[in-house]
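Encoded as structure tokens, the structure appears first; notes follow it.
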């Protein structure tokens, strides 16, 4: 697992964008549609990803977002992890969510369908 993003679920992306960009001075890195924007964190390869989740389910709680080689393999190799829902498609690949023993949310993803 490689930490790539700090995932922050937000209700109002324009307000969050204004806060992180204009108030805190973070530089926007990329966007995915009208629901997701990422910021570079100075001095770190990890980015802050803000996202308006599609629902308020436990799968979309804020937490770490880590890249793995293959989500299906990772899930299969970790049967004792507390998985939240099923694997799902995301832009460029697949993702899944689990909780650590303290209940913190950890998201994993792969780039299995990414082009380029």
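The values are calculated or read from the model by the stated rules, or taken from the named source; none is laboratory data. Values in this document were obtained by computation on a predicted structure and should not be read as measured data. With ideal geometry, Cβ positions are generated from the backbone for all residues, glycine too; neighbour counts draw on all protein chains shown.
The residue that is nearest to the chain's Cα centre (by Cα), among those in region 86-108 that are loosely packed, with under 13 Cβ neighbours inside 10 Å and assigned to a loop (DSSP other than H, G, I, E, B), is 91. Looking only at region 8-27, which residues are in contact with a helix residue (DSSP H, G or I) (Cβ under 9 Å, 6 or more places away or on another chain) and surrounded by 13 or more Cβ atoms within 10 Å (Cβ to Cβ)? Scanning region 8-27 gives 8, 9, 10, 26.
Check region 52-59 and report whether any residue there is in contact with a helix residue (DSSP H, G or I) (Cβ under 9 Å, 6 or more places away or on another chain) and exposed (fewer than 13 other Cβ atoms within 10 Å of the Cβ). Within region 52-59, one or more residues are in contact with a helix residue (DSSP H, G or I) (Cβ under 9 Å, 6 or more places away or on another chain) and exposed (fewer than 13 other Cβ atoms within 10 Å of the Cβ).
Taking the criterion of being out of contact with any helix residue (DSSP H, G or I) (no Cβ under 9 Å at 6 or more places or on another chain) and at pLDDT 95 or above, the residues of region 81-100 that qualify are 82, 100.
Each row is one residue, and each column tells you yes or no for (1) on the phi > 0 side of the Ramachandran plot; (2) free of Cβ contacts under 8 Å to residues at least 60 places away in the same chain.
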| position | (1), (2) |
| --- | --- |
| 45 | no, yes |
| 62 | no, yes |
| 65 | no, no |
| 71 | no, yes |
| 75 | no, yes |
| 80 | no, yes |
| 85 | yes, yes |
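Of note, residue 55 satisfies the criterion of being closer than 21 Å to residue 103 by Cβ and over 10 Å from the mean Cα position of the chain (by Cα).
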